[in-house]
Amino acid sequence: MHGLTTARVIANALLADIQQIVATSDLYAFSTAVLMAGYRQVLSEPDGAIVLNPDPYIYAHYQLIGTVLDQFLKFKRYEVCVFLYDESSKASLMQSGWEGFKKENPNWGRHAGTLEPLDDKKCIPIQAADLLAYTTTKVYASASVQQAKERGEKLIKSWLKKHIIRVTYCDVAYLRLVVAANLDRVKAHKLKFPDAITL
């Protein structure tokens with residue numbers, strides 16, 4: 001037991017060091033949290049089933065990408081963003097929807113470059129993103145559903161400070177807003193392309 005405790009102390013110290021490096025580096029972070037119970041609830045509703053992807057993993061990725069691209073619309077100079085993500089069994093689903101996502105969201109699409117899966121053991125940006133995902137997941141897991149939104153955002157900002165640009169918490173209320181804002185567009189798209197992947 002003593003060895004395990006020592007290993008945890010070392011691991012926590014290393015994690016704190018890495019967090020400090022990230023928090024003081026010239027990089028900026030976005031965080032998207034999807035409340036699974038809320039997602040399942042809205043997905044089970046008639047309009048939610050039309051708009052939301054059946055797979056919350058795919059939804060969360062595109063939600064985060066859209067949040068990032070929103071910032072690019074504010075830049076005075078035209079910029080393009082390339083998106084990298086950890087290789088997984090769902091990589092093909094991400095890739096198959098990418099061009100459609102850009103076409104359906106032209107304001108975002110003009111700033112969206114390639115979408116590419118890479119090995120997290122070799123790609124430092126993905127390692128930094130994994131650190132953010134790990135720590136934010138711990139933050140949300142340590143709070144009740146009622147506390148998660150407020151407490152999560154405060155704790156994330158407590159170590160990233162000005163480096164965190166936006167925290168999006170996808171609970172039932174937020175997801176219903178997403179559904180309402182996109183329902184007509186998605187319906188029209190599905191009439192033209194019945195086999196299209198819902199994003």
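Taking A112, A37, A13 in turn, the Gaussian network model of the chain (Cα-Cα springs below 10 Å) assigns the largest fluctuation to A13.
When you work out D = kT/(6 pi eta Rh) for the chain at 20 °C and 1.002 mPa s, using the Kirkwood radius from C-alpha pairs as Rh and the Stokes-Einstein form, the result is 116 µm²/s. Computed over the chain, the per-residue total of -39500 (n - 2.57) for DSSP H runs of n ≥ 4 gives a 222 nm mean residue ellipticity of -20500 deg cm²/dmol, rounded to 500. Across the range 100-114, computed HN-Hα scalar couplings (Karplus, 6.51 cos²θ - 1.76 cosθ + 1.60, θ = phi - 60°) run x, 4, 5, 5, 6, 10, x, 5, 6, x, 5, 9, 9, x, 7 Hz from first to last residue, x flagging Gly and Pro. Annotation note: trypsin sites (Lys or Arg not before Pro) in the range 108-148 located in DSSP loop regions with a Cβ neighbour count of at most 14 within 10 Å are R110, K121, K122. Per-residue Karplus couplings for the range 165-177, computed as 6.51 cos²θ - 1.76 cosθ + 1.60 with θ equal to phi - 60°, are listed in order as 7, 8, 10, 10, 10, 8, 9, 4, 4, 5, 5, 5, 5 Hz, Gly and Pro entered as x.
Over the C-alpha atoms of the range 85-199, the Rg to Rh ratio, Rh being the Kirkwood estimate, stands at 1.01. In straight-distance terms, cross-link reach from K154 covers every one of the lysines whose alpha-carbon lies under 29 Å from its own, apart from those fewer than eight places away in the same chain; here that gives K74, K138, K162.
Every read-out reported here was derived from the displayed coordinates using simple, explicitly stated rules and does not represent laboratory data. If you're wondering where the values come from, they're calculated on a predicted model, not measured in any experiment. Cβ coordinates were reconstructed from backbone atoms using ideal geometry, including for glycine residues, and neighbour counts include every protein chain displayed.
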